[in-house]
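A.B. asks: Structure incoming, see below.
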Amino acid sequence: LELIFDNEAAQSAELFQNYPNPTSGKTTVSFYLPEATETILKVLDAYGNILWREENNFGRGTHNIELDLSKENWQPGVYFYRLESTGFRDMTRKFVLIRN
């Protein structure tokens, strides 16, 4: 899955809904940045505990990060992912992890 967001007029960062959701293993989180900036992507449980984190200086454009939840000891439930970047408002979305 590759989301393409190429709108030159876009002025703010955007966090897209992960796909697939719900997921039973791998899911892709995508976000758009209108300029290069230091960015942190976190996955949190329902209690606000940080379970996964990636910090990087991402360039302008759309970025896709694949999370492989089947490799960790993730339990079925509701999780949140949060994008924090310098100069833009923080954004949070949720996803559901199921087991087949």
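A.B. asks: Please report the accessible area of Asp45 (heavy atoms, 1.4 Å probe, ligands and nucleic acids excluded) in Å², nearest 10.
C.D. replies: 30
A.B. asks: Next question. Net charge around Val43, counting only other residues with Cβ within less than 11 Å of its Cβ (Lys, Arg = +1; Asp, Glu = -1)?
C.D. replies: Values: positive: Lys42, Arg53, Arg82, Arg93, Lys94; negative: Asp45, Glu54, Glu72.
Result for the local shell: +2.
A.B. asks: Output the direction-averaged projected area (hull surface divided by four) of the convex hull of the alpha-carbon atoms of segment 43-96, in nm². Could the numbers behind the result be given before it?
C.D. replies: Details: hull surface 17.7 nm².
Quarter of the Cα hull surface area: 4.4 nm².
A.B. asks: Give the Rg/Rh ratio for the chain, taking Rg as the radius of gyration of the Cα atoms and Rh as the Kirkwood radius, to two decimals. Please list the in-between numbers first.
C.D. replies: Numbers: Rg = 13.6 Å, Rh = 14.0 Å.
My calculation puts Rg/Rh at 0.97.
A.B. asks: Can you give me the relative contact order of segment 33-100 as a percent, contacts being Cα pairs under 8 Å and 6 or more apart?
C.D. replies: Numbers: 112 pairs, mean separation 23.3, N = 68.
Normalised by residue count, the contact order of segment 33-100 is 34 percent.
A.B. asks: Another one. Tell me, in nm to one decimal, what length is gained between Gln75 and Glu54 on full extension, where the rule is 0.36 nm per residue of separation less the Cα-Cα distance? Spell out each step's value before the answer.
C.D. replies: On the way: separation 21, 0.36 × 21 = 7.56 nm, distance 2.04 nm.
The Gln75-Glu54 span can extend by a further 5.5 nm.
A.B. asks: Then there's this: What's the magnitude of the charge dipole for the chain around its Cα centre, counting Lys and Arg as +1 and Asp and Glu as -1 at the beta-carbon? Answer in Debye, nearest 20. Intermediate results must be reported in sequence, preceding the final value.
C.D. replies: Working: 10 positive and 14 negative charges, 91 e Å.
Using only the charged Cβ atoms, the result is roughly 440 debye.
The values are calculated or read from the model by the stated rules, or taken from the named source; none is laboratory data. Keep in mind it's a predicted model, so treat the numbers as computed, not measured. All Cβ positions, glycine included, derive from the backbone under ideal geometry; neighbour counts span all protein chains shown. Areas reflect the complete protein model, heavy atoms only, side chains present, ligands, DNA and RNA absent. Shrake-Rupley method; radii C 1.70, N 1.55, O 1.52, S 1.80 Å.
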